[in-house]
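Working notes, beginning with the structure itself.
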Amino acid sequence: MSVREPDPAKQEEFAGRTVQVLNDACLGFMTSLGHQTGLFDTMAGLEPSTSAEIADAAGLNERYVREWLGGMVVGGFVEYDPEQARYRLPPEHAASLTRAAGPENMAGLMQYLALMGEVEQQIVEAFRKGGGLPYSAYPRFQALQAEESARVYDLALVDGIVPLVPGLADRLRAGIDALDIGTGEGHAVNILARAFPASRFTGVDISEKGIGAAKAEAARRGIDNARFEVVDSAELTGAYDLVTAFDVIHDLARPAETLAAVAGALRPDGIFLMGDIAASSRLEENVDHPLAPALYAFSTFYCMTVSLGEGGAGLGTVWGEQTARRMLAEAGFGSVEVKQAEGDVLNLYYLARRDGAAA
């Protein structure tokens, strides 16, 4: 069979696309630096300023700040007046780059690029030999996840996500038993426990470091109705009125067993609130997803590989709504509703009840 000669126009167009990918990837790293050093936050509060003025305001080295500003200018993030040698972060750009932007802040997500770079060679080896990487290969992951959780849940968990379940806020105010699986550093649990002091909250995770951080936050905030334990979510015990799982099921080694354990731990009128990535299980339906390349990259570099690293299912980040619905049904959930929270385009929220449970 003869190999088709490339179309010169298409070849040139794709070559340009690869150059764009390289430039944008580099801008992603520079954006991460701007987030971590607080430069975006600093510039958002400044009039047009010189590199020395910006560095002084941020408490940073001027030479590094000047080089970073160069990248931000040529990348279209920052405006530059060459006559005055002054830089300005437009407010329209700050709305996607500063901590004040809350859930709209994309700069914080850029930190995951460096996280992926740290394990790249190990992932290359996994391509050759199979298997996966352990959680211990990602020492910064819990901290990044905690920051990401705070970015979304500080604003939306109590007033945007809890109300997706009719009557849940009233039940939490009255006092129920709630469990969060894969709780990480426990920020979501602590938010809920503080908002609903009559309810009793438990957060479980396999990470001792994460559970330690969760306990420390609860102690620091004076929260006495939340406790945290190192527990494998596939081996749950106890009985609960509410079980939550936020962006965790697809990471697990034993997701099917965990979902079955959740169903078994729910009281007859209990509800399982599962937040997970808004995507399709069918590849062709994800082509136009605005974050599809990032989701598949996150999966390859973290979500899928940590599950495979434990000999697990390796569902991956983009396991999708169809697979999630099927697995919930197989676990014993006879009623499943799927909703989205306003302003949260990244996640779907599954409201699942056991077979025969009252709505």
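Within segment 75-105, take every residue that is in contact with a helix residue (DSSP H, G or I) (Cβ under 8 Å, 6 or more places away or on another chain) and over 24 Å from residue 50 (Cα atoms) and give me the one that is surrounded by the fewest Cβ atoms within 10 Å (Cβ to Cβ).
Per the criteria, the residue is 102.
How do the pairs read when you match residues in segment 155-166 that are without any contact (Cβ under 8 Å) to a residue 60 or more places away in the chain with residues anywhere that are surrounded by 18 or more Cβ atoms within 10 Å (Cβ to Cβ) and of a type in the set (Ser, Thr, Tyr), using Cβ under 9 Å and keeping only pairs 6 or more apart or on different chains?
Between residues of segment 155-166 that are without any contact (Cβ under 8 Å) to a residue 60 or more places away in the chain and residues that are surrounded by 18 or more Cβ atoms within 10 Å (Cβ to Cβ) and of a type in the set (Ser, Thr, Tyr), the close pairs are 157/149.
This table checks each residue for (1) in the same structural domain as residue 264 (by TED's automatic domain parsing); (2) over 21 Å from the mean Cα position of the chain (by Cα); (3) assigned to a strand (DSSP E or B).
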site: 185; (1), (2), (3): yes, no, no
site: 197; (1), (2), (3): yes, yes, no
site: 201; (1), (2), (3): yes, yes, yes
site: 204; (1), (2), (3): yes, no, yes
site: 210; (1), (2), (3): yes, no, no
site: 218; (1), (2), (3): yes, yes, no
site: 227; (1), (2), (3): yes, yes, yes
site: 234; (1), (2), (3): yes, yes, no
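Of everything in segment 81-105, what is outside any helix (DSSP H, G or I), modelled with pLDDT under 95 and of a type in the set (D, E, K, R)? Give them in sequence order.
If the condition is that a residue be outside any helix (DSSP H, G or I), modelled with pLDDT under 95 and of a type in the set (D, E, K, R), then no residue fits.
Results for (1) at pLDDT 95 or above; (2) surrounded by 20 or more Cβ atoms within 10 Å (Cβ to Cβ); (3) touching a Pro at 6+ places or on another chain (Cβ under 6 Å); (4) among the basic types (Lys, Arg), shown as yes or no for each residue.
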site: 183; (1), (2), (3), (4): no, yes, no, no
site: 197; (1), (2), (3), (4): yes, no, no, no
site: 201; (1), (2), (3), (4): yes, yes, no, no
site: 243; (1), (2), (3), (4): yes, yes, no, no
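Please specify each residue of segment 106-130 satisfying the condition of being in contact with a helix residue (DSSP H, G or I) (Cβ under 6 Å, 6 or more places away or on another chain) and assigned to a loop (DSSP other than H, G, I, E, B).
Residue satisfying the conditions is 119 alone.
For segment 12-58, which positions are exposed (fewer than 15 other Cβ atoms within 10 Å of the Cβ) and either in a loop (DSSP other than H, G, I, E, B) or not assigned by TED's automatic domain parsing to the domain that holds residue 87 (or both)?
If the condition is that a residue be exposed (fewer than 15 other Cβ atoms within 10 Å of the Cβ) and either in a loop (DSSP other than H, G, I, E, B) or not assigned by TED's automatic domain parsing to the domain that holds residue 87 (or both), then 45, 47 are the ones that fit.
Residue 130 - would you say it is more than 14 Å from the chain's Cα centre (by Cα), closer than 30 Å to residue 241 by Cβ and either in the same structural domain as residue 348 (by TED's automatic domain parsing) or not small (Gly, Ala, Ser) (or both)? Break it down into steps so the answer makes sense when it comes.
On the way: more than 14 Å from the chain's Cα centre (by Cα): yes; closer than 30 Å to residue 241 by Cβ: no; either in the same structural domain as residue 348 (by TED's automatic domain parsing) or not small (Gly, Ala, Ser) (or both): yes.
In short, no.
Give me the residue from segment 314-359 that is in a loop (DSSP other than H, G, I, E, B) and either aromatic (Phe, Trp, Tyr) or at pLDDT 95 or above (or both) and, out of that set, surrounded by the most Cβ atoms within 10 Å (Cβ to Cβ).
In this case the residue turns out to be 315.
The values are calculated or read from the model by the stated rules, or taken from the named source; none is laboratory data. Given the structure is predicted, the values throughout are model-derived calculations rather than measurements. A quick note on method: Cβ atoms are made from the backbone with ideal geometry, for glycine too, and the neighbour counts reach across all protein chains shown.
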